[in-house]
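Undergrad: For reference, the structure I am asking about is given below.
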Amino acid sequence: MLIERLQERIPADRIQLDPAVTASYAHDEAEWAPHGTPLVLVRPRTAEEVQEVVRACIELGVPVVPRGAGTGLSGGANAIDGCVVLSTEAMTTIAEIDPVERLAVVQPGVVNDHLREAVAEHGLWYPPDPASAPWSTIGGNVATNAGGLCCVKYGVTADYVLGLQVVTGTGELVRLGRRTAKGVAGYDLARLLVGSEGTLGVITEVTLKLRPQRAPERTVAGYFSSIVDAGRAVTAVGAAGIVPSALELIDRHCLEAVDQWKNMGLAVEADVVLLARCDVPGVAGDDEAEAIRECFEQAGATWAARSTDQAEADALFDARRLAYPALERLGPVLTEDVCVPKAAVPEMLARIEAIGKKHNTLIANIAHAGDGNLHPLLVTPRDDDGDRARAQRAFEEIIDEALALGGTVTGEHGVGLLKMDGLAQELSAEVMDLHRAVKAALDPHGILNPGKVIAAAE
């Protein structure tokens, strides 16, 4: 019945029933998150086609799972048995770039890096830059409120969303937000949809704030013999009042995995590397880079220097972006995404290290260290249930420790399926009920990505 209804309403080439194809859209990159078997994959190209899909699903009570590029790491785009997977990957139009108002209007399937390249031609810059920027889409970035390497200074996706076009849980096509630099009319429903992971509406267009192109960045690298010393350097940078444009941590496990995969010649005499960048122009930028280097040395760096080789500096940042897929080649990776106050970074890193030893689990570490967003990567051998069980316990303990230090269970990857229990720990019962009330109001038929983010009341 549903297939016939869809075929009546949208072009046939948007609909895919081949099980081999639909299976490849059944889950995101969260390898440990469960997923079901979709009934059909739909790849619309217009907002009106998305609306027709949602309306058909409302009429027949079929769940809709929105999906971007599938680069998510929490299971938020994972299929439910019998659902429609609604992929926005074919919605790739950049409808407008306005240099005067400094905004862009794009469909959700536009790839992050493609947008950055397009606006750069107008002397503009779109700051949010998740590690998956070469592949992830703006719609997925908005749905998870993605961060990235430069969000320590420039903020996350929500800080750049001015407005949205959305298909609601009642099948209406509506516009939320504004195009003006300021605006406080009504509730901020656009902001509510950012980070909602497809549970409150399906995003069909995004209006984004842009910034002028910035000055060239300077890179400072520091080598450390322990992850705790590297954490102290992060705290020292913050205590000095410095706001770098990036402050990233990557440990030896990650560097070696990338080197084995890409043969980039990244061998370093350190267990942990901190990479900082600053984009203050002129002499002030040189002074800031030197101040960062001094913070690294004072915290115990075995070596610290401002890079004079741009290619070398870029290779280190490329390694940071490639760390996750490189580690996946070694075995299934369970990815954490906790965020703690900057002052708690050294202690949290020490606790992560202790948890790895306690459970005999390999934990590689990458981090947006400058804002306390840590990504411990728990790697297990393939088809080893014992190691997998130990890694799962370690994963849960890392969440417990992050909350104990005043942190949060997810800084940018979203709740999806993997962090639902953690969210219930972080939020009070009363606040969880508020979430359920919002979900019920905006998705009264319960078809929008059900079973994600907020667990049903017991």
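Undergrad: Calculate how many DSSP beta bridges within the range 1-120 are antiparallel, expressed in % of all such bridges and rounded to the nearest 5.
TA: 45 percent
Undergrad: Which ³J(HN,Hα) values in Hz, rounded to whole numbers, follow from the phi angles of the range 58-66 under the Karplus curve 6.51 cos²θ - 1.76 cosθ + 1.60, where θ = phi - 60° and Gly and Pro get x?
TA: 5, 4, 10, x, 9, x, 10, 10, x
Undergrad: Continuing with this model, one more query. Under a Cβ-only charge scheme (Lys and Arg +1, Asp and Glu -1), can you give me the dipole magnitude of the range 347-458 about the Cα centre, in debye to the nearest 20?
TA: Charge dipole of the range 347-458: 200 debye, to the nearest 20.
Undergrad: Per 0.36 nm of contour for each residue apart, how much would the distance between M1 and D159 grow if the chain were fully extended, relative to their Cα-Cα spacing?
TA: Between M1 and D159, full extension yields 52.7 nm more.
Undergrad: Let me ask another. Compute the semi-axes of the equivalent ellipsoid of the range 316-458, taking the square root of 5 times each eigenvalue of the Cα gyration tensor, and list them largest first in whole Å.
TA: 28, 18, 15
Undergrad: I'd like to check one number: the per residue accessible area of the chain, probe 1.4 Å, reported in Å² as a whole number.
TA: Value returned for the chain: 41 Å² of accessible area per residue.
Undergrad: Quick one: length gained pulling S225 to E48 fully straight, 0.36 nm per residue minus the C-alpha distance?
TA: Result for the pair: 58.1 nm of gain on full extension.
Undergrad: Over the chain, with every protein chain in place, what whole percent of the accessible area is carbon and sulfur at 1.4 Å, could you tell me?
TA: Carbon with sulfur: 51 percent of the solvent-accessible area.
Undergrad: Starting from 0 in steps of 10 Å, tell me what percent of the Cα-Cα pairs of the range 1-51 lands in each bin.
TA: P(r) over the range 1-51, rounded to whole percents: 23, 46, 26, 5.
Undergrad: Please compute one quarter of the surface area of the Cα convex hull for the range 186-283 and express it in square nanometres.
TA: Working: hull surface 45.2 nm².
If I average the Cα hull's projected area over directions, I get 11.3 nm².
Undergrad: Further question: Dipole of the range 204-359 (Lys/Arg Cβ +1, Asp/Glu Cβ -1, origin at the Cα centre): which of L247, V333, V206 lies farthest to the positive side?
TA: Farthest towards the positive pole: V206.
Undergrad: Pick the calculated mean projected area of the Cα convex hull in nm² for this structure from (i) 21.9; (ii) 19.7; (iii) 44.3?
TA: (i)
Undergrad: Something else now. Measure off 7 Å from each Cα along the Cα-to-Cβ vector at T37 and R191, then give the distance between these two points in nanometres to one decimal.
TA: Calculated label separation equals 4.5 nm.
Undergrad: Something else: Given +1 on the Cβ of Lys and Arg, -1 on the Cβ of Asp and Glu, and no further charges, what dipole in debye does the chain carry about its Cα centre, rounded to the nearest 20?
TA: Value, rounded to 20: 740 debye.
Undergrad: Rounded to whole Å, give me the distance from the Cα center of the range 119-153 to that of the range 327-363.
TA: 25 Å
Undergrad: What distance in nm lies between label points placed 7 Å from Cα along the C-beta direction at A440 and A12?
TA: Result for the modelled spin labels: 4.4 nm.
Undergrad: Please work out how much length the chain gains when fully extended from D384 to V431, using 0.36 nm per residue of separation minus the C-alpha to C-alpha distance, in nm with one decimal.
TA: 13.1 nm
Undergrad: Let me check I've understood the local charge: for L17, count other residues with C-beta under 15 angstrom from its C-beta, Lys and Arg +1, Asp and Glu -1. What total comes out?
TA: 0
Undergrad: Explain nothing, just compute: Karplus ³J(HN,Hα) = 6.51 cos²θ - 1.76 cosθ + 1.60, θ = phi - 60°, for every residue of the range 202-213 in order, whole Hz, x for Gly and Pro.
TA: Here the 3J(HN,Hα) series is 10, 6, 10, 6, 9, 9, 10, 7, 10, 10, x, 4 Hz.
Undergrad: Residue by residue through the range 28-38, which ³J(HN,Hα) values in whole Hz follow from phi under the Karplus form 6.51 cos²θ - 1.76 cosθ + 1.60 (θ = phi - 60°), with glycine and proline marked x?
TA: For the range 28-38, the Karplus-derived couplings read 9, 8, 7, 4, 8, 8, x, 8, x, 10, x Hz, x marking Gly and Pro.
Undergrad: I've got another one for you. When the solvent-accessible surface of protein heavy atoms is calculated with a 1.4 angstrom probe, in what order do H413, H27, H114 fall, highest first?
TA: Largest accessible area first, the list is H114, H27, H413.
Undergrad: Let me ask something else about it. Using a 10 angstrom Cβ neighbour count of at most 13 plus a DSSP loop assignment to flag exposed trypsin sites (Lys or Arg not before Pro), which longest range of the chain is free of such sites?
TA: By the stated rule (loop sites, at most 13 other Cβ atoms within 10 Å), 1-181.
The values are calculated or read from the model by the stated rules, or taken from the named source; none is laboratory data. Predicted, not measured: the structure shown is a model, and the values here were computed from it. Note that each Cβ is placed from the backbone with ideal geometry, even for glycine, and that neighbours are counted across all protein chains shown. The area values use the complete protein model at the heavy-atom level, side chains included, leaving out ligands, DNA and RNA. Shrake-Rupley method; radii C 1.70, N 1.55, O 1.52, S 1.80 Å.
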